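Here the structure is laid out as structure tokens; the discussion comes afterwards.
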Amino acid sequence: MNNPHESKLDGYVEPTQQQLTARKRRNYAIGGLLAAFCILVFALMVVKIKSMGGQFPS
Amino acid sequence: MTDPSTAQAYNPPHGEAGLSVAEPRDFYALMKPRVMTLVVFTAWAGLVCAPGQMNLFLAAASILCIAVGAGASAALNMWYEADTDALMSRTKTRPLPAGKMDRSSALGFGIILSALSVLGLAIASNYVAAGLLAFTIFFYAVIYTMWLKRSTPQNIVIGGAAGAFPPMVGWAAASGDITIDSTLLFLIIFMWTPPHFWALALYKTGDYHKAGIPMMPNVKGAKSTRLQIFVYALILAVTCIGPIVTGLGGPIYMLVALVLNLGFIALAYKVWQSRAGERADAADEAGLYDVTKGDRAARNLFAFSIIYLFAMFGALSAESLIRSFS
């Protein structure tokens, strides 16, 4: 009789250490780039609005 | 045009768990960073030469977006050409043919970067520049990569437009306009592209033949290609007079253009008179600049053409900067 805890995912194969390391690095890179993009868009908005004479509350 | 057997040369890298082993540096390689430097430089030159002033931060952000757009189109190109890249000595170490990532990752990466670069440029500069960038990505990925490259030996003549757009995009980012001067910058790269790529194709004939890509030397022969290289070198020299006539280029540009075009024509003449591309054995060297005897004239022109473009746009930019500071 199968142990229900062992057959949670049928056909699941344990990823190799290399695959896990690569995934971790990809995740960090995606996170970093998304954060950089958000900061860039925010900074662009501020500069553009200021250059058009817009006022920001101090 | 592609041999159906080429599809077997590409082995998708699915591990047992179906998890990719691609690292961030593989995605960076997907953006063809070496080509990107030329795109960034010519776009910067277009931005500097354009009339009007631009906030430094916005200018830098615009150049970044153009660079990312170029990287996006390169990723889409590699996604589509994974099969043929696997057959060429020059391209078989790229992330996809080397088995470091699967095609869907490259496709997703290319599409996301395309969207972000166009959106970013629209925010940083204006819709004209963003529209031009979107069209450039479309032209390179769809018109050139998917259609022209595998169907006609004129592929890089027409497809060369994709590489010629960046200075126009840079110009539009600064001025919001498309003018005769920005079109001249486009034309210089457009006329430079055929001799540049055909010089490479002459000593990489075997590679292109193996991949089934109809480059000019494979279809019309080496002799015809060498003559066309020389003719294009003459047309390029005539095109370079344009900026002098319109006033975009001054004495520095005039001097640089004179020297470089004489050099370009001389090297193109040597290619025409050589036997480049006529080796009995069609085995190509692995390196971009490695050649066997007989192909050196083509290799020299290829290497010189890269310096040529940097120097020409460098001269135009320098002149424009001097003008704005004086």
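The values are calculated or read from the model by the stated rules, or taken from the named source; none is laboratory data. Treat the numbers as computed from the prediction; the structure is a model and nothing was measured. When we count neighbours, we look across all protein chains shown, and the Cβ atoms used for this are built from the backbone with ideal geometry, even at glycine. When the accessible area is computed, the model is the full protein with side chains, heavy atoms only, and any ligands, DNA or RNA have been set aside. Shrake-Rupley method; radii C 1.70, N 1.55, O 1.52, S 1.80 Å.
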Practice task
Specify the residue that is nearest to the other protein chains (Cβ to nearest Cβ); the eligible residues are those in the range A:9-49 that are loosely packed, with under 13 Cβ neighbours inside 10 Å and in contact with an Asp or Glu (Cβ under 9 Å, 6 or more places away or on another chain).
Solution key: A:V13
Problem - Selection within the range B:36-63 - within 26 Å of B:G160 (Cβ to Cβ) and open to solvent by 40 Å² or more (accessible area, probe 1.4 Å) - result: B:T37, B:V40, B:F41, B:W44
Practice task
From the list B:L116, B:L187, B:L121, pick out the single residue that is over 21 Å from B:A82 (Cα atoms) and crowded, with 23+ Cβ neighbours inside 10 Å.
Solution key: B:L121
Practice task
Kindly indicate the residue of the range B:124-145 that is more than 18 Å from B:G71 (Cβ to Cβ) and away from every other protein chain (no Cβ under 14 Å) and also most open to solvent (accessible area, probe 1.4 Å) among those meeting that condition.
Solution key: B:V128
Completion exercise
Restricted to the range B:21-35 and to residues being at pLDDT below 90 and assigned to a helix (DSSP H, G or I), the residue surrounded by the most Cβ atoms within 10 Å (Cβ to Cβ) is B:V35
Handout entry: Residues located in the range B:203-225, provided they are basic (K, R) and free of Cβ contacts under 8 Å to residues at least 60 places away in the same chain
Key = B:K223
Handout entry: Residue that is farthest from B:R34 (Cα to Cα), among those in the range B:84-93 that are more than 18 Å from the chain's Cα centre (by Cα) and open to solvent by 50 Å² or more (accessible area, probe 1.4 Å)
Key = B:K92
Completion exercise
Scanning the range B:65-83 residue by residue, those surrounded by fewer than 24 Cβ atoms within 10 Å (Cβ to Cβ), free of Cβ contacts under 8 Å to residues at least 60 places away in the same chain and out of contact with any Phe, Trp or Tyr (no Cβ under 9 Å at 6 or more places or on another chain) turn out to be B:A67, B:V68
Fill in the blank from the handout: When B:L96 is run through (1) buried (at least 21 other Cβ atoms within 10 Å of the Cβ); (2) part of a helix (DSSP H, G or I); (3) not polar (S, T, N, Q), the failure sits at (2)
Exercise for the section: Restricting attention to helices (runs of 4 or more DSSP H) lying wholly within the range B:201-314, give those where 2 or more residues are farther than 28 Å from B:T152 by Cβ and either at pLDDT 95 or above or open to solvent by less than 70 Å² (accessible area, probe 1.4 Å) (or both). Expected result: B:242-246, B:251-273
Handout entry: Every residue from the range B:157-184 that is open to solvent by less than 40 Å² (accessible area, probe 1.4 Å) and touching a Pro at 6+ places or on another chain (Cβ under 6 Å)
Key = B:V157, B:L184
